[in-house]
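The values are calculated or read from the model by the stated rules, or taken from the named source; none is laboratory data. What you are looking at is a predicted structure, and each value in this text was computed from that prediction instead of being measured. Positions of Cβ are generated from backbone atoms using ideal geometry, with glycine treated the same way; all protein chains shown enter the neighbour counts.
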Amino acid sequence: MTQSNRIKTWLPIGLAAVAIFFSSFTFVVREYEVALKLRLGEIVSDTYAPGLHLKIPIINQIRKFDRRLQTLDSQPERFLTIEKKDVIVDSYAKWRIAQPAQFLRSTGGNNARTSRLLSERINTSLRDEFGKRTIQEVVSDDRLALMEALTKNVNANAADLGVEVVDVRVKKIDLPPEVSESVYQRMRAERERVARDLRAKGAEAAERIRADADRQRTVIIAEAYKESEEIRGEGDAQSAEIYAKAFTADPEFYAFYRSLSAYRESFGQGGSVMVLEPDSEFFRFFRESSGQP
């Protein structure tokens with residue numbers, strides 16, 4: 001075998017050996033990771049920036065964890081309110097590793113164990129917060145205050161796990177069937193009470209408006225009647241004045257005109273019967289043209 005062939009044969013083997021030797025003394029930390037260096041199982045360092053770092057093979061072990069936000073979607077759980085009523089709460093939490101060393105000691109770096117321990121703490125905080133509120137407060141009041149209180153309590157309870165709970169959210173709140181009916185009945189009764197109150201206020205306002213309208217109607221009619229009587233009185237006065245002037249201008253013609261008006265009104269009514277003396281004053285103008293007997 002020539003030297004050239006020997007070089008071609010041993011060169012890849014040598015490069016592979018160098019790569020293995022190099023990789024056994026180094027490790028890489030990515031931007032989204034946190035790393036712990038252990039010496040025979042004991043944590044010796046947890047402050048590694050992203051990049052290439054050195055280690056001693058066999059003696060040092062490297063544990064890496066994802067430091068990005070992670071989601072824990074819990075199963076719906078039952079909790080008691082201050083009224084001792086059950087509610088079914090579906091929630092989730094956003095968390096990340098804050099203290100890698102404490103995280104490893106508490107959970108062993110096991111995701112399943114971390115989820116279980118964190119779920120227990122979230123359920124404890126949910127139980128505490130819901131136990132301070134009524135069903136109406138849980139369903140109707142400001143959810144932001146509830147979420148903030150939950151996040152604060154869960155974050156404090158999860159500090160021993162080496163994680164930071166960024167946010168806790170309640171996705172849905174359901175009522176068990178046995179509670180739903182009583183709540184709906186209570187809500188219906190409350191709505192009916194409000195409706196009755198509004199109807200009573202409306203009826204009171206209607207009566208007030210109707211009474212005011214009746215009063216205004218009575219006043220308007222009285223004023224109209226007063227004005228009509230005044231106008232009628234002025235008309236009667238003017239009529240009497242005109243009659244008086246006509247009478248003084250020609251008494252005989254005025255007497256003749258009034259008699260003709262009386263004849264028209266009396267004889268114009270069909271079916272009327274009048275019993276009068278022939279020489280009555282009513283027939284004076286039937287006897288003589290001058291109205292004299």
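Values as computed for the structure displayed
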item	result
In the range 32-42, the residues that are under 20 Å from R96 (Cβ atoms) and either surrounded by fewer than 16 Cβ atoms within 10 Å (Cβ to Cβ) or free of Cβ contacts under 8 Å to residues at least 40 places away in the same chain (or both)	Y32, E33
Test for K172: is it outside any helix (DSSP H, G or I) and either exposed (fewer than 12 other Cβ atoms within 10 Å of the Cβ) or not assigned by TED's automatic domain parsing to the domain that holds N123 (or both)	yes
So L118, is it under 23 Å from Y92 (Cβ atoms) and either loosely packed, with under 13 Cβ neighbours inside 10 Å or in contact (Cβ under 8 Å) with a residue 12 or more places away in the chain (or both)	yes
Residue that is closer than 30 Å to N123 by Cα, not hydrophobic (A, V, I, L, M, F, W, C) and not assigned by TED's automatic domain parsing to the domain that holds Y92, where the choices are S182, S228	S182
Test: residue in the range 34-44 that is charged (D, E, K, R), in contact with a strand residue (DSSP E or B) (Cβ under 8 Å, 6 or more places away or on another chain) and at negative phi	yes
Out of F79, F130, F103, sole residue that is outside the structural domain of I43 (by TED's automatic domain parsing) and at pLDDT 90 or above	F103
Check on G109, of a type in the set (G, A, S), modelled with pLDDT under 90, exposed (fewer than 13 other Cβ atoms within 10 Å of the Cβ) and over 30 Å from L175 (Cα atoms)	no
Matching residues, the range 177-187, being surrounded by 11 or more Cβ atoms within 10 Å (Cβ to Cβ) and at pLDDT 80 or above	R186, M187
Filter result (among the basic types (K, R) and either more than 24 Å from the chain's Cα centre (by Cα) or under 30 Å from S119 (Cβ atoms) (or both)) within the range 162-213	R169, K171, K172, R208, R210
Of the criteria (1) touching a residue at least 40 places away in the same chain (Cβ under 8 Å); (2) more than 30 Å from R63 (Cα to Cα), which one Y184 fails	(1)
Enumeration of residues in the range 149-167 that are assigned to a strand (DSSP E or B) and touching a Phe, Trp or Tyr at 6+ places or on another chain (Cβ under 8 Å)	V163, E164, V165, V166
